[in-house]
Amino acid sequence: MADIKEHFNDFASQMLTTAFRDFRSTDLEYQEIECYLDVHSGRFDEILHSLSKEDREFAEDYISKQSYGASCANESLYIAGYKDCVRLLRELGVL
């Protein structure tokens, strides 16, 4: 059973990577956000460096954890969607 889970996780990981690459290259809203972040990254860095060392480290750690949390949630939702699709195909008798 562990082999099946391992293979599924590897497969899902590859599919997630492909889906994310496709999303980045085709989603205009995402591209606009990326552009905004690129344009304003210098200003953001200036603001961070104007903070005390403790405040800057806290802000960087907070943003890092927030981004990681969103990434984990996205991955979990993708896997859940994949499992739901398999369940639906079973229910329809396709599998």
Filtered residues of the stretch 34-92 (kept if among the acidic types (D, E) and out of contact with any Lys or Arg (no Cβ under 9 Å at 6 or more places or on another chain)): D38, D45, E46, E54, D55, E57, E60, D61, E75, D84, E91
Residue list for the stretch 66-92, filter: open to solvent by 90 Å² or more (accessible area, probe 1.4 Å) and acidic (D, E): E75, E91
Unique match (being in contact with a Phe, Trp or Tyr (Cβ under 8 Å, 6 or more places away or on another chain) and among the aliphatic types (A, V, I, L, M)) among L95, L16: L16
Breaking point among (1) surrounded by fewer than 10 Cβ atoms within 10 Å (Cβ to Cβ); (2) at pLDDT 95 or above, for K5: (2)
Test for I63: is it open to solvent by less than 70 Å² (accessible area, probe 1.4 Å) and under 19 Å from the mean Cα position of the chain (by Cα): yes
Cross-chain or 6+ apart pairs with Cβ under 6 Å, the stretch 68-93 first and closer than 18 Å to R24 by Cα and at pLDDT below 90, then of a type outside the set (G, A, S) and assigned to a helix (DSSP H, G or I): Y78/L16
Single residue of A80, A59 found to be of a type in the set (A, V, I, L, M) and closer than 21 Å to T18 by Cβ: A80
Odd one out for L37, checked against (1) within 22 Å of the chain's Cα centre (by Cα); (2) within 30 Å of K83 (Cα to Cα): (2)
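The values are calculated or read from the model by the stated rules, or taken from the named source; none is laboratory data. Keep in mind the model is a prediction, meaning the values are calculated, not measured. Cβ coordinates were reconstructed from backbone atoms using ideal geometry, including for glycine residues, and neighbour counts include every protein chain displayed. Just the protein is used for accessible areas: all its heavy atoms, side chains included, with ligands, DNA and RNA removed. Shrake-Rupley method; radii C 1.70, N 1.55, O 1.52, S 1.80 Å.
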